[in-house]
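This report refers to the structure that appears directly beneath it.
The values are calculated or read from the model by the stated rules, or taken from the named source; none is laboratory data. Model, not experiment: these values are computed from the prediction. Here the Cβ positions follow ideal geometry from the backbone for every residue, glycine too, while neighbour counts run over all protein chains shown.
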Amino acid sequence: MSAAPAIRVRGLVRDFPKVRALDHLTFDVPAGIVFGFLGPNGAGKTTVIRVLLGLVDPTEGETAVFGLDPRTQGDAVRLQAGALLEHNGVYERLSAQQNLDFFARAWRLPRAARQARVRELLTQFGLWDRRDETVGTWSRGMKQKLAVARAVLHRPPLVFLDEPTAGLDPVASASLRDDLARLAGAEGVTIFLTTHNLSEAERLCGLVGVIRRGRLLDFGTPSDLRSARGAPVVRITGRNLSDTQVAQLRGQPGIDDVALDGRMLVVRLAADGDVAPIVAWLVGEGVAIEEVRRDRATFEDVFLELVAEESPNGAMQGARGAAPQ
Amino acid sequence: MIGDTWIVARKEWLEIFDQLIRFKRGGWSILLIIGFLGVISPLQMGTGWLTSPLMFFYWPLLTTSMTSTLIADAIAGERERHTLETLLSTRLSDTAIILGKILAAVMYGAAFASTNLLIGWSVVNLKYGSGTLLTIPLFRLAALFALIGAGSFFIAGLGVFVSLRAATVRQAQQTFGVIILLLMMTPVLFVQFVAPELQEQLIASASTLGIEVLSLRVSAVVAAVAALLNVSAIRRFKRGRLALD
């Protein structure tokens with residue numbers, strides 16, 4: 001992790017009439033990584049991006065992007081950033097080439113570089129053959145590709161992507177993930193990504209933050225979050241399983257929860273839980289066990305657990321991982 | 001700043017051009033207006049089309065209508081189509097963005113008037129020229145374009161205020177329609193309600209000055225008001241406020 005983070009957020013608060021959109025957020029995003037900002041709809045993810053781009057002023061707290069304050073140095077921040085915001089923002093009456101050409105002019109790319117870059121990106125995203133078509137006639141996925149191309153057009157060191165794979169087919173999503181990983185890995189671009197696609201976040205992001213109702217619930221690497229929160233789940237398939245056994249297992253040390261699903265017993269273990277005594281006990285009870293499978297909780301399980309367990313009085317205090325004090 | 005302003009204006013032109021060539025959102029109506037005012041009207045009026053004082057009323061009115069269409073589309077439309085925030089996230093300054101939109105709208109109005117005048121002038125010459133080139137006196141043309149320019153500039157500034165408050169293009173255009181109607185009616189109502197002696201005095205003064213000089217004076221007043229309006233509009237067009245809107 002480099003000494004100076006690409007993004008620094010301290011005690012960020014943003015109030016709107018009748019609602020606190022961001023509630024004392026504090027985190028750092030190191031340069032050159034893909035950072036995933038996760039949360040349910042209305043959690044405050046887009047507001048954070050707006051504040052970091054200097055489009056909205058914070059009510060309290062401090063933010064810095066490459067050491068620049070977006071509130072007072074917004075122009076300098078935007079010079080170093082590309083963005084795909086909540087809406088794809090493509091000009092539907094213009095062609096794909098005209099769209100990118102306009103933004104390339106806005107970013108002051110010289111003529112030759114502009115033409116080459118537009119061609120490079122349209123080719124890379126598979127849109128070159130349709131470059132002269134009016135974008136309004138395109139599918140949502142194609143518009144989304146064009147919007148991502150626009151965000152990286154001027155090779156910014158920081159890219160904000162709000163739900164970039166929304167509307168993309170699985171092949172295009174995978175291709176975009178590869179592109180983003182390459183941008184961060186090979187070109188050192190910092191990518192600030194919001195997504196609802198948790199498997200995408202897990203595969204792509206070096207760090208993730210989970211936010212709900214403007215509060216940071218957790219922060220760290222996806223594996224940190226899984227290790228810390230993802231209790232193992234044991235699935236035991238067999239004959240003679242009964243509700244009586246489920247009731248007896250509930251409340252036993254090392255077991256958080258038990259449920260019977262047909263011929264499968266699903267046991268959520270506590271952090272110190274062990275599967276062997278459970279199997280031995282079930283055999284003693286006359287259960288004919290056919291299969292025992294122990295799984296780690298998925299990242300999605302962790303996310304759902306996180307957003308479900310938040311108390312109405314406040315977020316988890318002292319978020320783990322890389323969240324600075 | 002000038003370069004950025006031009007970049008934005010160029011984009012607005014490309015967008016409206018696409019609508020015109022596809023005959024969408026006003027494309028047909030533009031053709032109809034050009035057909036009526038640039039072809040039918042000169043055919044009916046003959047050489048009087050070049051000298052009629054009516055030109056000082058309907059050209060500014062039509063041109064400002066065109067300006068209002070574009071400015072509403074450029075601001076309220078950009079917000080309605082969810083492209084404004086993306087534009088604001090670029091390095092372009094607030095001032096360059098709004099000036100680009102104002103410039104595009106004023107130029108659109110001027111281009112519309114020029115095209116109509118050129119077509120009308122050609123029609124009059126083809127039909128009634130009889131081998132000689134009929135022209136509009138230069139002073140008259142200058143006075144006409146001064147009025148058209150000032151009117152467009154005024155409407156563009158007003159359009160920023162109207163469009164910033166409108167959620168959709170349709171809403172902006174409806175508000176604009178009412179405002180333009182009021183602006184056109186005010187002088188007429190004013191003249192009707194003043195004393196007959198004053199009416200005669202005003203008419204006599206206008207006759208003495210001539211339509212060209214009167215037009216230049218009106219243009220100067222409108223341009224001054226337009227300048228104030230546009231400066232206020234530029235001050236009002238700020239990222240923080242727009243993103244929250």
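Okay, here's what the table says:
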item	result
Candidate set from region A:21-63 (those that are more than 14 Å from chain B (Cβ to nearest Cβ) and out of contact with any strand residue (DSSP E or B) (no Cβ under 7 Å at 6 or more places or on another chain)); member that is surrounded by the most Cβ atoms within 10 Å (Cβ to Cβ)	A:Pro30
Among (1) surrounded by fewer than 21 Cβ atoms within 10 Å (Cβ to Cβ); (2) within 30 Å of B:Leu20 (Cβ to Cβ), the one test that A:Leu122 misses	(1)
A:Glu300, sole failed condition from (1) free of Cβ contacts under 8 Å to residues at least 12 places away in the same chain; (2) assigned to a helix (DSSP H, G or I); (3) not basic (Lys, Arg)	(1)
Some residue of region B:14-23 being free of Cβ contacts under 8 Å to residues at least 12 places away in the same chain, more than 27 Å from A:Val159 (Cα to Cα) and acidic (Asp, Glu)	yes
Residues located in region B:134-157, provided they are in a helix (DSSP H, G or I), surrounded by fewer than 20 Cβ atoms within 10 Å (Cβ to Cβ) and not aliphatic (A, V, I, L, M)	B:Phe139, B:Arg140, B:Phe145
Qualifying residue in region B:186-199 (condition: over 17 Å from B:Leu70 (Cα atoms), touching a Leu at 6+ places or on another chain (Cβ under 9 Å) and either surrounded by 13 or more Cβ atoms within 10 Å (Cβ to Cβ) or aliphatic (A, V, I, L, M) (or both))	yes
Contacts under 9 angstrom Cβ, first residue in region B:115-139 being within 17 Å of B:Trp59 (Cα to Cα), partner in a helix (DSSP H, G or I) and charged (D, E, K, R), 6 or more apart	B:Pro137/B:Glu212; B:Phe139/B:Glu212
Region A:74-89, subset at the interface with chain B (Cβ under 7 Å from one of its Cβ atoms) and among the charged types (D, E, K, R), residue nearest to the chain's Cα centre (by Cα)	A:Arg78
Long-range neighbours under 7 Å by Cβ, at least six apart or interchain, first residue under 21 Å from A:Arg8 (Cα atoms) within region A:146-172, second among the charged types (D, E, K, R) and in a loop (DSSP other than H, G, I, E, B)	A:Asp162/A:Glu86
Any pair with Cβ under 7 angstrom, 6 or more apart, that starts in region B:85-96 at a residue that is within 7 Å of another protein chain (Cβ to nearest Cβ) and more than 13 Å from A:Trp107 (Cβ to Cβ) and ends at one that is among the acidic types (Asp, Glu) and in a loop (DSSP other than H, G, I, E, B)	none
Hits in region B:73-89 - residues which are surrounded by 24 or more Cβ atoms within 10 Å (Cβ to Cβ) and assigned to a loop (DSSP other than H, G, I, E, B)	B:Ser89
Any hit, region A:64-73, residues being within 7 Å of another protein chain (Cβ to nearest Cβ) and of a type outside the set (S, T, N, Q)	no
Failed item, numbered, when A:Asn99 is tested on (1) out of contact with any strand residue (DSSP E or B) (no Cβ under 8 Å at 6 or more places or on another chain); (2) of a type in the set (S, T, N, Q); (3) within 13 Å of chain B (Cβ to nearest Cβ); (4) surrounded by fewer than 22 Cβ atoms within 10 Å (Cβ to Cβ)	(4)
The one condition in (1) buried (at least 20 other Cβ atoms within 10 Å of the Cβ); (2) within 14 Å of chain A (Cβ to nearest Cβ) that B:Asn230 fails to fulfil	(2)
Criterion: of a type outside the set (Val, Ile, Thr), at pLDDT 85 or above, assigned to a helix (DSSP H, G or I) and under 12 Å from the mean Cα position of the chain (by Cα) - qualifying residue of B:Leu70, B:Leu62	B:Leu70
Criterion (more than 21 Å from the chain's Cα centre (by Cα), within 24 Å of B:Asp73 (Cβ to Cβ) and at pLDDT 90 or above) met by exactly one of B:Leu103, B:Leu92	B:Leu92
Yes/no for B:Thr208 being over 20 Å from the mean Cα position of the chain (by Cα) and either modelled with pLDDT of 80 or more or of a type outside the set (A, V, I, L, M, F, W, C) (or both)	yes
Failed item, numbered, when A:Ala184 is tested on (1) free of Cβ contacts under 8 Å to residues at least 60 places away in the same chain; (2) on the phi < 0 side of the Ramachandran plot	(1)
Selection count, region A:261-280, where residues are outside any helix (DSSP H, G or I), loosely packed, with under 15 Cβ neighbours inside 10 Å and not hydrophobic (A, V, I, L, M, F, W, C)	5
Subset tally (residues that are in a loop (DSSP other than H, G, I, E, B), at pLDDT 90 or above and either away from chain B (no Cβ under 13 Å) or in contact with a Phe, Trp or Tyr (Cβ under 7 Å, 6 or more places away or on another chain) (or both)) for region A:146-176	4
Only listed residue being touching a His at 6+ places or on another chain (Cβ under 6 Å) and farther than 20 Å from A:His196 by Cβ, chosen from A:Gly11, A:Gly67, A:Gly54	A:Gly11
